[in-house]
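K.L.:
After the structure tokens below, expect a handful of questions from me.
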Amino acid sequence: MGITLQGLGYYVPQDVLSNFDLEKIVDTSDEWITTRTGIKERRIASENEYTSTMAIKAAEKAIKMAEISPQKIDLIIFCTITPDYPIPCTAGILAKELGIKNAGGMDINTACSGFIYGISIADTFLKARKANYVLVVCSDKLSIITDYQDRSSCILFGDGAGAVVMTRTEGFGLIDFKLGLLGDEYDKIIIPAGGSRNPPSEKTVKERMHFMKLQGREVFKLAVKYMGIALKEILEKNEITIDMLDWIVPHQANRRITEGLCEHFKIPKEKVYDNIEFVGNTSGGSINIALDEMFEKKLLKKNHLVALVSLGAGITYGSALLSWGI
């Protein structure tokens with residue numbers, strides 16, 4: 001029995017924030033951003049676009065491609081670090097808007113590792129026959145937690161959403177996954193205020209503690225090392241070599257991280273899909289968005305062997321191995 005991605009969907013907002021736009025906001029330049037990140041532009045949600053509304057558009061596309069009605073969804077796994085509200089879970093908003101009844105649902109907060117964590121949870125429910133169709137959605141409006149006074153981090157992030165419908169099948173699908181957590185490094189990517197340790201106050205607002213803080217150099221080193229470890233472990237466990245892979249789809253964090261991963265682990269660049277130039281870092285949705293783009297471009301063929309790998313706040317990291325079945 002395999003667990004397949006039966007439907008794919010993604011959504012990115014229409015509004016574009018280019019490097020030249022950022023030059024007007026902070027002390028930076030197109031050349032500086034491009035050489036250090038590979039990013040030329042990112043999409044920014046409008047004032048009346050929310051994490052849930054982007055997720056709805058991606059989910060509608062995935063459900064349509066899966067050729068099922070929303071009522072067949074048994075479980076919603078919503079991966080986000082920018083929920084519409086602290087309470088309730090955004091999965092509930094999605095269920096209401098899509099007309100999904102009698103389904104379980106949850107939000108999970110694993111940041112950029114959201115897609116891999118989400119499909120791993122779906123895999124577990126489907127293999128245990130506790131669900132027949134699982135909707136995994138990764139959506140983030142990162143522009144609301146990005147500090148546009150911080151030239152080192154504001155250049156990275158964009159908004160967007162991805163969704164997949166997963167179900168049981170025969171002969172192909174999700175082969176295996178590897179999840180990891182570096183608790184000792186939890187503070188390397190953090191929003192310092194807004195939780196129980198530092199509730200909102202005049203002080204936290206004045207000190208801009210409700211924006212994401214990123215220790216860039218440390219995260220870069222952790223990403224190259226642990227994304228590589230996760231990839232190596234899942235390949236060795238399944239007796240697969242890099243040469244046997246058709247594609248590697250990493251979380252689109254920073255092109256230099258991807259290049260460091262390729263160099264350190266001798267990965268041919270032509271096997272790695274990269275779309276960061278036009279969308280930036282969209283957190284958990286980035287792998288999902290990349291897969292859907294690849295499918296639209298007919299780069300993914302049936303039985304292609306595809307490895308996914310990511311690292312995000314927590315510090316969470318993970319990898320997954322797919323035999324492509326659509």
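The values are calculated or read from the model by the stated rules, or taken from the named source; none is laboratory data. Fair warning: this is a prediction, and the values are worked out from it, not measured in the lab. Cβ placement follows ideal geometry from the backbone for every residue including glycine, while neighbour counts extend to all protein chains displayed. Only protein heavy atoms, including side chains, enter the accessible area calculation; ligands, DNA and RNA are left aside. Shrake-Rupley method; radii C 1.70, N 1.55, O 1.52, S 1.80 Å.
K.L.:
Tell me, which residue of region 267-296 that is surrounded by 19 or more Cβ atoms within 10 Å (Cβ to Cβ) and polar (S, T, N, Q) is farthest from the chain's Cα centre (by Cα)?
P.N.:
Checking each candidate, the answer is Asn281.
K.L.:
Sticking with this one: Hand me the list of helices (runs of 4 or more DSSP H) wholly inside region 23-130 holding 1 or more residues that are farther than 28 Å from Tyr148 by Cβ. Steps first, please.
P.N.:
Values: elements: 30-37, 51-66, 90-98, 114-127.
Of the helices (runs of 4 or more DSSP H) lying wholly inside region 23-130, those with at least 1 residues that are farther than 28 Å from Tyr148 by Cβ span 51-66, 90-98, 114-127.
K.L.:
Taking region 212-266 as the search range and keeping residues that are of a type in the set (Asp, Glu) and touching a residue at least 12 places away in the same chain (Cβ under 8 Å), which one is surrounded by the most Cβ atoms within 10 Å (Cβ to Cβ)?
P.N.:
Going through region 212-266, the residues of a type in the set (Asp, Glu) turn out to be 218, 233, 236, 239, 243, 246, 259, 263.
The next check asks that each one be touching a residue at least 12 places away in the same chain (Cβ under 8 Å); those that pass are 218, 233, 246.
Working: Glu218: 14, Glu233: 14, Asp246: 16.
Per the criteria, the residue is Asp246.
K.L.:
Among (1) in a loop (DSSP other than H, G, I, E, B); (2) closer than 29 Å to Leu321 by Cβ, where does Gly180 come up short?
P.N.:
Only one criterion in (1) in a loop (DSSP other than H, G, I, E, B); (2) closer than 29 Å to Leu321 by Cβ is unmet by Gly180, namely (1).
K.L.:
Here is a follow-up. Within the set of pairs 6+ apart or on separate chains, which have a first residue in region 166-194 that is in contact (Cβ under 8 Å) with a residue 60 or more places away in the chain, a second that is outside any helix (DSSP H, G or I) and of a type in the set (Phe, Trp, Tyr), and C-beta atoms under 6 Å apart?
P.N.:
Qualifying pairs under 6 Å: Thr167/Tyr133; Gly180/Tyr317.
K.L.:
State yes or no: is Gly162 in contact (Cβ under 8 Å) with a residue 40 or more places away in the chain, in contact with a Gly (Cβ under 8 Å, 6 or more places away or on another chain), open to solvent by less than 10 Å² (accessible area, probe 1.4 Å) and over 25 Å from Arg43 (Cα atoms)? Working first, answer last.
P.N.:
Numbers: in contact (Cβ under 8 Å) with a residue 40 or more places away in the chain: yes; in contact with a Gly (Cβ under 8 Å, 6 or more places away or on another chain): yes; open to solvent by less than 10 Å² (accessible area, probe 1.4 Å): yes; over 25 Å from Arg43 (Cα atoms): no.
Against the criterion (in contact (Cβ under 8 Å) with a residue 40 or more places away in the chain, in contact with a Gly (Cβ under 8 Å, 6 or more places away or on another chain), open to solvent by less than 10 Å² (accessible area, probe 1.4 Å) and over 25 Å from Arg43 (Cα atoms)), Gly162 does not qualify.
K.L.:
Hey, another quick one. On the basis of being open to solvent by 20 Å² or more (accessible area, probe 1.4 Å), within 28 Å of Arg255 (Cα to Cα), in contact with a Gly (Cβ under 9 Å, 6 or more places away or on another chain) and not acidic (Asp, Glu), does Ile44 make the cut? Before you say what the answer is, go through the steps one by one.
P.N.:
Values: open to solvent by 20 Å² or more (accessible area, probe 1.4 Å): yes; within 28 Å of Arg255 (Cα to Cα): yes; in contact with a Gly (Cβ under 9 Å, 6 or more places away or on another chain): yes; not acidic (Asp, Glu): yes.
Yes, satisfied.
K.L.:
Continuing with the same structure: Using the structure shown, decide if Ile81 is more than 15 Å from Gln6 (Cβ to Cβ), open to solvent by 10 Å² or more (accessible area, probe 1.4 Å) and not small (Gly, Ala, Ser).
P.N.:
Working: more than 15 Å from Gln6 (Cβ to Cβ): yes; open to solvent by 10 Å² or more (accessible area, probe 1.4 Å): yes; not small (Gly, Ala, Ser): yes.
When the stated conditions are applied, Ile81 passes them.
K.L.:
May I ask you to say which residue of Asn281, Asn303, Asn288 is at pLDDT below 95 and of a type in the set (S, T, N, Q)? Before the answer, list the steps.
P.N.:
Numbers: Asn281 fails: at pLDDT below 95; Asn288 fails: at pLDDT below 95.
Residue meeting the stated conditions: Asn303.
K.L.:
Hey, another quick one. Considering region 60-101 alone, what residues qualify as being charged (D, E, K, R) and closer than 14 Å to Ala131 by Cβ? Working first, answer last.
P.N.:
Quick first cut of region 60-101, residues charged (D, E, K, R) only: 60-61, 64, 67, 72, 74, 84, 96-97, 101.
Those that are charged (D, E, K, R) and closer than 14 Å to Ala131 by Cβ: Lys72, Asp74.
K.L.:
Just to verify a result, which residue in region 125-149, among those that are under 30 Å from Glu47 (Cα atoms) and open to solvent by 70 Å² or more (accessible area, probe 1.4 Å), is modelled with the lowest pLDDT?
P.N.:
Gln149
K.L.:
Only one of these conditions is not met by Ala62: (1) closer than 20 Å to Thr167 by Cα; (2) over 21 Å from the mean Cα position of the chain (by Cα). Which number is it?
P.N.:
With respect to (1) closer than 20 Å to Thr167 by Cα; (2) over 21 Å from the mean Cα position of the chain (by Cα), Ala62 is out only on (2).
K.L.:
When Leu299 is evaluated against the numbered criteria (1) touching a residue at least 60 places away in the same chain (Cβ under 8 Å); (2) open to solvent by 20 Å² or more (accessible area, probe 1.4 Å), which criterion, by number, is the only one it fails?
P.N.:
Condition not satisfied by Leu299: (1).
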